[in-house]
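Participant: What follows is a single structure, and I will ask about it in a moment.
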Amino acid sequence: MFQINENKLCSPEDRILVSCSGGRDSMVLAYLLREAGYTIGLMYIDHLSREGASFSDSLHVAKVASAWDIPYYYRKFHYRSQKQNSNFQDQARKFRYQVLQEKLSEENYSVIATGHHQQDSVESFFLNLSKKSGLEGLLGIKMKQDNIVRPLLHLTTDEIDEYYQNKGIQHIIDQSNYQNNYKRNEFRNTVVPKLLNWDENFIKSTHTSIEYLKEANQWIEKDVEIWTLNHVNKKRDILSIPLDLVKKHHSPNHLLHRILKNRGFNISQVNEILSAQNSGQIWIGDQVQLNLFQSTLYLYQKPELFGSRQIPYPFENTSHTNLEKILIHQSQPKEFSGEIIGIPLSKQNSKLMFRNWLAGDYVKFPYGKKKLKKVFVEHKIPKIKRSRLWVLAYETEVFWIEGIRNNPNRSSQELFFIELLKK
């Protein structure tokens, strides 16, 4: 009945955290894993959505865990604390996986197991189909996704029913599953019975079709991977994508979307990029930025997301820079080996920081302030390079810019000095 070994879902030494609602599917999963000799723990996440009934259900899971002498974990999901008008099921799903990952890390588990089965995967297929999903949205649910496994995904509900009846497994029934207040519930309770009445093998046949689609998707992914290795260059974390070659591909929209999809770009943005005419256009993704220069797309991290690379004064950690050492001098040294920066003495105990430049940064000159962006323009520094340059700043006042200038004329101020020694 199990296909853990065949699908390489986990190994005998894995410690498995089971997401257990107390319902039929998750209880069958827990019984099967225990019967197979795996070390498991049960986690119940209370959605507080059924006027106290969900807490009563948690006691059943706790009782089973106690009888088996295995760990039991409990967490509450407070939907009211989430954003207004947000989708309950979506928020609850995200919360479940978040706390399961946290518990996995805290308690030294290696795998999370959920009780999804064939019908769950088929439901996802049709719900995504109604959203005008691309091929990847039609692949159902993955049997293994990173450290999450779904050992029942190849089973039908009839096969699961037969197992729990033969084993006499006690489980709770969530009455909210029969209420059609969510799309998935409505599809399950109204559409699926009609489809099964039309063809009793409908779920199994559709699941087989999904498996064929997964194989086709793997072939496409391999094709994209080979194209990327041959044509996309990477230098200092900047990807260069030749847009002219993308357009010559037999499916340019699909190819570029596959390259950019995991970086926060949707198909509408891809279509816009492919039809762009003006060099210098910019598109913003979740974590990265795209710049079009002539016929090449340059992809790099957005500057404002580089906070993890900031190094605060007194510069205890420079591992992310090309600096070997940073020395502080109270007066200008007569002999030095690195680059010298003069900083107003008034800033000596301030929160000076090496970081990437940010919008709003400026430099002080004897005649006034100048936006750092204007300094870049004057020195003909392209936008792509700007995002990778380091500056030394206090808040938005910049005292040094990597590779551009030592620091502006501050001869009228009392200074202390920073010496930069490069690797």
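Every read-out reported here was derived from the displayed coordinates using simple, explicitly stated rules and does not represent laboratory data. Since we're looking at a predicted model, the values are computed, not measured. Positions of Cβ are generated from backbone atoms using ideal geometry, with glycine treated the same way; all protein chains shown enter the neighbour counts.
Participant: Lys and Arg at +1, Asp and Glu at -1: add these up for the other residues within a Cβ distance under 9 Å of GLU397 and post the number.
Facilitator: Net local charge, GLU397 excluded: +1.
Participant: Another one. For the pairs LYS8/LYS248; LYS8/LYS76; LYS247/LYS383; LYS183/LYS204; LYS142/LYS194, flag any whose C-alpha to C-alpha distance is greater than 29 Å.
Facilitator: Distance filter (> 29 Å) returns LYS8/LYS248; LYS8/LYS76.
Participant: Test of understanding: ordering MET43, MET143 by Cβ neighbours within 10 Å, fewest first, what list do you get?
Facilitator: MET143, MET43
Participant: How would GLU335, GLU35, GLU13 line up from fewest to most surrounding beta-carbon atoms within 10 angstrom?
Facilitator: With the sparsest Cβ surroundings first, the list reads GLU335, GLU13, GLU35.
Participant: What is the order of ILE340, ILE148, fewest Cβ neighbours within 10 Å to most?
Facilitator: Going from sparsest to densest Cβ surroundings: ILE340, ILE148.
Participant: With no solvent and one point on each alpha carbon, what is the Debye value of log10 I(q)/I(0) for region 232-301 at q = 0.12, 0.18, 0.22 Å⁻¹?
Facilitator: Those come out to -0.26, -0.60, -0.95, one per q.
Participant: So what's the net charge close to ASN166: Lys and Arg +1, Asp and Glu -1, counting the other residues with Cβ under 15 Å from its Cβ? Don't jump to the answer; show the numbers that get you there.
Facilitator: Working: positive: ARG24, LYS167; negative: GLU35, ASP158, GLU159, ASP161, GLU162.
So the environment of ASN166 carries a net charge of -3.
Participant: Which three lengths, in whole Å and largest first, does region 181-285 cover when its Cα atoms are put on their principal axes?
Facilitator: For region 181-285, the Cα spread along each principal axis is 57, 31, 25 Å.
Participant: What residues qualify as long-range amide H neighbours of PHE416, i.e. H under 5 Å apart, gap of 5 or more or another chain, H built at 1.01 Å from N?
Facilitator: Those qualifying (amide H under 5 Å, at least 5 residues apart or on another chain) are ILE343, LEU345.
Participant: Tabulate in residue order the Karplus-calculated ³J(HN,Hα) for region 332-339, using 6.51 cos²θ - 1.76 cosθ + 1.60 with θ = phi - 60°, rounded to whole Hz; enter x for Gly and Pro.
Facilitator: Whole-Hz 3J(HN,Hα) from phi for region 332-339: 5, x, 6, 10, 7, 9, x, 8.
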